[in-house]
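Data first, discussion second: the structure below is written as structure tokens.
The values are calculated or read from the model by the stated rules, or taken from the named source; none is laboratory data. All of these numbers come straight from a predicted model, not from anything done at the bench. Every residue, glycine as well, gets a Cβ built from its backbone with ideal geometry; the counts of neighbours run over all protein chains shown.
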Amino acid sequence: MIDYYNYDTSPRKIEPTFEDTSVKETKQVKNENKIRAKKQQQSKAKQTKKNLTNIFYLFTGFAILLTISYRYAVINSSFTEKESLKGELAELQKSNQQLKVSIEQGTNINNIEQEAKEKLGMQKLDNNQKVYINLDKSDYVESSIDTQSEDELETWWSKLLKDIFNIR
């Protein structure tokens, strides 16, 4: 700044060359405080963003783990159901085999005959209970090849002509 003197009776400067240092310091302090405040806000914003991403990763990991454990629970329940069905199948096959054996033992001709005699009072046929029938030796079956009707032997052309001219 250039100092100009006023050539009046009192020697004084037009503008004072000195500035109040307290004003300068307060301006600098205010500027520094503003800069610090901006830096703090930026760091808080970065920290908040960092915290939010950490929370997001935490919830995502929790959701993935929850999904995996649910899948394992479903697989475990279906496995136990399958094993119980296998056990039931084995029991049914065993009882089926036992029934087959009992049926085979029960269908023995000697057992059936004995049961019929004892419980039902049946007996074997005598010759006077038997009835004989004599049948003719001739064959009563007709061959289907020789007996075709005249309608089947007619062509479609002749049928059409008969329909047109009403010939019967």
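Of the residues making up the range 109-142, those that are of a type in the set (Gly, Ala, Ser) and exposed (fewer than 10 other Cβ atoms within 10 Å of the Cβ) are Gly121, Ser138. For the range 21-37, check the following and say yes or no: at least one residue is modelled with pLDDT under 90, assigned to a loop (DSSP other than H, G, I, E, B) and either within 55 Å of the chain's Cα centre (by Cα) or surrounded by fewer than 10 Cβ atoms within 10 Å (Cβ to Cβ) (or both). Taking every residue of the range 21-37 in turn, none turns out to be modelled with pLDDT under 90, assigned to a loop (DSSP other than H, G, I, E, B) and either within 55 Å of the chain's Cα centre (by Cα) or surrounded by fewer than 10 Cβ atoms within 10 Å (Cβ to Cβ) (or both).
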